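Participant: One structure follows; several queries about it will come next.
The values are calculated or read from the model by the stated rules, or taken from the named source; none is laboratory data. This one's a predicted model, so the numbers in the text were calculated from it and none came from an experiment. Here Cβ is always computed from backbone atoms with ideal geometry, including for glycine, and neighbour counts include all displayed protein chains. Protein only, heavy atoms only, side chains kept; ligands, DNA and RNA dropped before computing areas. Shrake-Rupley method; radii C 1.70, N 1.55, O 1.52, S 1.80 Å.
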Amino acid sequence: LLPFISLLFLTLLLLFLALFPGAFNCCTKISDEIPKGILRRVERFEIQKADGLCHLEAVILYIEGRKFCVSPRIRKVKKWMKKSNHRIPRKKPHGRKQRRIRIIKRKGKKQ
């Protein structure tokens, strides 16, 4: 009986996760301040609404693989979102610049 109950519980848990993938990805706390210049480093962002599974309005900023939850009422964030029009500029790749290859035409080429 115990293996059947644990199997049933596991099945229900997996079903819940499949139907509500964002249930465990909600912001539970938000910051009312944002450090200067952090918006320039945002790679992507999402808007969390206070309906459905998440009970708090928030802007989720993703910076270097980390998630920051901030209030959508912050003046800087509102202005930034309006200016960016929900688009994040692509990051320029860091690394060595490609060298330009010069093509030299040979003079007096024999055929």
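Participant: For the stretch 71-85, does any single residue satisfy the condition of being touching a residue at least 40 places away in the same chain (Cβ under 8 Å), in contact with a helix residue (DSSP H, G or I) (Cβ under 6 Å, 6 or more places away or on another chain) and not polar (S, T, N, Q)?
Facilitator: yes
Participant: Is it fair to say ARG40 is at pLDDT below 90, outside any loop (DSSP other than H, G, I, E, B) and open to solvent by 100 Å² or more (accessible area, probe 1.4 Å)? Break it down stepwise before answering.
Facilitator: Values: at pLDDT below 90: yes; outside any loop (DSSP other than H, G, I, E, B): yes; open to solvent by 100 Å² or more (accessible area, probe 1.4 Å): yes.
In short, yes.
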